[in-house]
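Working notes, structure below.
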Amino acid sequence: MPNENAEHLYQFAREFKMSPQNIMEQNVEGREMSVVTSNVTVNSKICEVVSSLVALKLPEGSGKMKSLIKALVCFLPGPFTPQKFCGLDIPSADLAKFYEFHYRQVLQITLERFSPEWVDAEAEVLISKLMVSDGSGVTLLYDTLHVLTTALRETKGPSQKLDYIINVLEKIMRSGALVSAVLDHSSDRNKSSRSKLNVLMIQNHLDQIWEEIVQLVVSLPSRVSNKLKYTIEDTFVPDFYCKVLCCHIARCVQFLSEAVCNEDIPLKLQGLSVLLSKVIINFNDGRKSVGILTLIEIFEHWCSSHVYQTVVQNILLNLHLQAIETVLRMILGKCSSPSAVRNILGDTVHQSQTWKHVLCTKMLLMSYHDWRDSTLVENLVGYLAYMHFENVRRKAGADGVPVITDGGILIDVLVNLLVVWGDGSALNHTPLEQHIYITQAVILCVHYLHITPQAEECDKRRALTESERKLIESRLFLGIPVHLESPLEPVRAVGMITAEIVTSVLHASDEPKLKFEYEGLSKEAESIVRALKELVPREIKVEVKDQQDVVRNRTDCNTQMHDDDTVVGNELLQCLESQCGLALVSEDAGDQNVNVREWGEECVKMKRAEVVDVVTEEEHMMQRDSDDSLDSDDDFIPYDMSGDIKQSTKKRPKYLRDLRDGLLETEDCERFSESLEVCETLILAQLPDDDVSLGIELLEILICLEEKFCVDNFDTQRYSASVAIVLTFPEPCAEYICSQFNMGFGKYSIGQRLFMLDCLAGAAKKLSNIQAPIKTSEGMKGTKHPQLETGRKLGSTQDAKENVPHKLVNAATDIIRRRIESHTRRFISASKPAPVGQANKFSAVAGSFFFPLLYGVGSSSGGNIFLSSSNADRDCLLLVHFLHTIAVVMTSSVNCTASVRMGKELMDLCWTLRYHSQSKVRLAIMGCVGAVIFAVPKPRLISDFYESLLECRLWLLDVMKSGLRQGDPDSECREFAAYLLVLIGSVIGENVLPSGFVNPF
């Protein structure tokens, strides 16, 4: 092994053009080590240190060994800073190569040569600094842990070397190395400098390394205890070790939450989710771990801030399945209210099917909790009620009254609970505690559905519809006889009190109530009845934030990071760190790190500052010098730089052909970014006067354009420029995009094809957009001389007729017409103003957008690629996007002459794909049907589409059927089908609908 490491280091020295002969000729013993100087390069420093380390003989060269280690420590990265997280502070290529390929060999040689003969206290400190680095990235931490754990396994003990290895491992876990590695893995930076394939390969490699790091970190207590047998350090006791890891996780969340305030910094939180999953699975201590419970309490206080919610919810969303149920039980049992649970979990129940299964099925039906402590079930049902009513509020009507159209998550949960609650077999085969737990969930669900949020505003109207109330009652009445026939008195008591509570809640106060007699019950049954009667849902306040609230939250993120709840969370974290002995380490590291709470704005400024702005600095200096008189001996006059411009601005193209060359640039970053920035402006200004072939050439470049350099808003600028070209030459450009889109797979990627569809949809929307008439600010009243004023305006308009836009001339004409009408006496009711018609620019080119895209004109296959290919995931993604684009084009063709023909062709396509296996495709097909009904005039729908609409109606009725083997399995499809049925009924008449059809709206 030493020979192999020596060969690696010899190879490393040869790469920097140092021969082995020169290495051996070094005067190792007599020459004083002076590597880190300003007169030599980094390459020569590293080469000299490595070569000396290879040739060194111990223990004679112990002093030289210390000097070499001290020199190597100088090459290690410093503490992890926001600049490193943003990619502003990166190691040089030489240092990166040393870290990636040879740092592990250096550690291995150091540990292999570890001997009490030369290792003293000073040497131990130096070796610790070599192995424990607060700024360790993923690669360095993996190499360090791999070398140390291997040495731990191979070292025989007890020995000084074994004790030292365990001591170094303890220092690593107490240092900021793990936090730095997590942040390094979470930063999603520097992707634009590499190709997509390289980025994917590197990312997969880093993910594999990170999973191995997490496995090594989690297994350290077992490894150390297996080696030490009966004695073990306090740090590696599982409970204490869990606290240390929770402190590191909390510090990572705190750092990343500051990054969320900066929208320019992308995050990748899967690595932190992996670490948290392993900690929860291995150290939960029967869901009583003090460290994890304290971490949940810290999250509860932190998540009062929107910034922390974003980070914590994304971390929890990617947890392993085995960890979800454990941490969910701990969260529901620890949090003080359902609102706190909602802040921590967010919308995970809708975003992840795994979370939904655990929350709605596993936690309610497959497990149970002590019914005497109802905190868990209250928080669980309260959280589901939050999610239910938030969804209801989003679908609220214009009058603000929540109306549940197609059930909801809380109603579905209640129905499932009642099915299990009233099942005789389940009642006989489950413990009484679990049955009471299910009963508590049923009662809470009913209470929440009855007492809707904002009850005062809605006059306490019930959120349940009549059909849903009947469904709940039918399920309840099926289960009551099962309970009353039970030989167990507590079960009968549960059935009676549940029936009373549910029926009293579902029915109005003036209706007769269901009453049972409870005389002669045992103490156990009485306690159960009393607990169920006292079960009252906690108050919830549902707030659905609009876009302005989200923007305001982002703007005030720094204020949110310092509110009272966040301060309490910070104090809890400091208390936990002091218990683990990490407070002193954090204070020492804090002197070298940038304050994490003040780094956001500084990082943004450094990241966006491509050129130093010397104008502001010069003006400041001039203003300061103006206050103090200049020395009489100073003959230098400050140079006026106010008119200077950025160097990159000079590379901005001024003509379309220069723009074309700039977009093809592969070496000059500034030229490429400036070309992309002015692309849309130049196209709109110059392309209408140029040839269409240049527009198609630019469009081809933009379709295939890749982000060769880091450019802000690259996708937005690329999209806007492409749409501008299509708007300039709609017909040829649309036909070109359609022909390229329908080419066989191989020339364009999926992303490029999706980009083509987005360009077509965006151009169709803009072409069909009707501009609002110009409103004149000058009123009719208050004008003393209208004729004179009108003449003056007309005179000025006539003088500058060639320079005034056409829309201003129309505005002047409108002024004249209104003033004439104001001086006209009418002896009957005033006539309504005639509607002002405007031309639909999309009408003339609608066919060029629709038919080539639908039939694949110009493709090698002679038809649309989707109708002749397989139903692979790739084709399904493109097909859904294709159908959406077709629907947008169809909707944009309202009142166009070709809309009838387009509608017929689109209905034929919909009829072909209506039974597609993918629900998203079926949903898109329904959208296309709705677009046809919206775009085609109603008389033409009745005359030309009557039979098609009847067939669609029958199909939609089949989709809406409920049952295991009937109807569409997707709820969104069934909901959309109900909307379409109402729309079709408004066209062909409600009398053709079947008698059993109930309008859900």
- the stretch 842-862 - residue that is among the small types (Gly, Ala, Ser) and modelled with pLDDT under 50 and, of those, surrounded by the most Cβ atoms within 10 Å (Cβ to Cβ): Ser859
- Note on the structure: Gly695 passes all but one of the listed conditions (1) closer than 29 Å to Pro266 by Cβ; (2) modelled with pLDDT of 90 or more; the exception is number (1)
- Item | Residue count for the stretch 481-514, restricted to those that are free of Cβ contacts under 8 Å to residues at least 40 places away in the same chain and either closer than 22 Å to Leu417 by Cβ or crowded, with 17+ Cβ neighbours inside 10 Å (or both) | 14
- Item | Filter result for Ala463 (surrounded by 15 or more Cβ atoms within 10 Å (Cβ to Cβ) and at pLDDT 90 or above) | no
- Task: Give the stretch 898-935 a look and list any residue that's closer than 12 Å to Trp955 by Cβ and of a type outside the set (A, V, I, L, M, F, W, C), or say none.
- Result: Arg914, Tyr915, Arg922
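Okay, residues lined up against (1) in contact with a Lys or Arg (Cβ under 7 Å, 6 or more places away or on another chain); (2) more than 25 Å from Glu122 (Cβ to Cβ); (3) free of Cβ contacts under 8 Å to residues at least 24 places away in the same chain:
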site	(1), (2), (3)
Val50	no, no, no
Lys70	no, no, no
Lys84	no, yes, no
Asp89	no, yes, yes
Lys97	no, yes, yes
- Message: Taking the condition of being surrounded by 14 or more Cβ atoms within 10 Å (Cβ to Cβ) and modelled with pLDDT under 80, how many residues in the stretch 515-562 meet it?
- Response: 10
- Query: What are the pairs, 6+ residues apart or on separate chains, where a residue within the stretch 712-736 that is within 20 Å of Pro852 (Cα to Cα) has its Cβ under 6 Å from a residue that is aromatic (Phe, Trp, Tyr)?
  - Reply: Ala734/Phe849
- Query: If you take the residues of the stretch 738-758 that are crowded, with 21+ Cβ neighbours inside 10 Å and in contact (Cβ under 8 Å) with a residue 60 or more places away in the chain, which of them is nearest to His884 (Cα to Cα)?
  - Reply: Leu757
- With the condition kept exactly as written, say whether any residue in the stretch 367-384 is charged (D, E, K, R) and at pLDDT 90 or above. yes
- Query: What are the residues in the stretch 203-244 that are within 21 Å of Asp143 (Cα to Cα) and open to solvent by 70 Å² or more (accessible area, probe 1.4 Å), if any?
  - Reply: Asn204, His205, Gln208, Glu211, Glu212, Gln215, Arg223
- Query: So which residues in the stretch 896-949 are assigned to a loop (DSSP other than H, G, I, E, B) and either closer than 25 Å to Ser848 by Cα or of a type in the set (Ser, Thr, Tyr) (or both), if there are any at all?
  - Reply: Cys896, Thr897, Ala898, Tyr915, Ser917, Val936, Pro937, Phe945
- Item | Which numbered condition Val28 fails, given (1) modelled with pLDDT under 70; (2) assigned to a helix (DSSP H, G or I) | (2)
- Enumeration of residues in the stretch 307-328 that are over 20 Å from Lys268 (Cβ atoms) and open to solvent by 10 Å² or more (accessible area, probe 1.4 Å): Leu321, Gln322, Glu325, Thr326
- Message: Being open to solvent by less than 10 Å² (accessible area, probe 1.4 Å) and of a type outside the set (Gly, Ala, Ser): is that true of Val290 here?
- Response: no
- Message: For the stretch 304-357, which positions are among the hydroxyl-bearing types (Ser, Thr, Tyr), under 17 Å from Val274 (Cα atoms) and in contact (Cβ under 8 Å) with a residue 40 or more places away in the chain?
- Response: Thr326
- Task: Kindly indicate which of Phe866, Phe827 is over 30 Å from Asp758 (Cα atoms) and modelled with pLDDT under 75.
- Result: Phe827
- Query: Looking only at helices (runs of 4 or more DSSP H) that fall completely inside the stretch 72-171, which ones have 3 or more residues that are open to solvent by 30 Å² or more (accessible area, probe 1.4 Å) and closer than 24 Å to Thr235 by Cα?
  - Reply: 121-131, 138-154
- Message: Being under 24 Å from Ile528 (Cα atoms) and either touching a residue at least 12 places away in the same chain (Cβ under 8 Å) or over 22 Å from the mean Cα position of the chain (by Cα) (or both): is that true of Ser374 here?
- Response: yes
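The values are calculated or read from the model by the stated rules, or taken from the named source; none is laboratory data. Computed from a predicted structure; not experimentally measured. Please note: Cβ atoms are built from the backbone with ideal geometry, for glycine as well, and neighbour counts cover all protein chains shown. Only protein heavy atoms, including side chains, enter the accessible area calculation; ligands, DNA and RNA are left aside. Shrake-Rupley method; radii C 1.70, N 1.55, O 1.52, S 1.80 Å.
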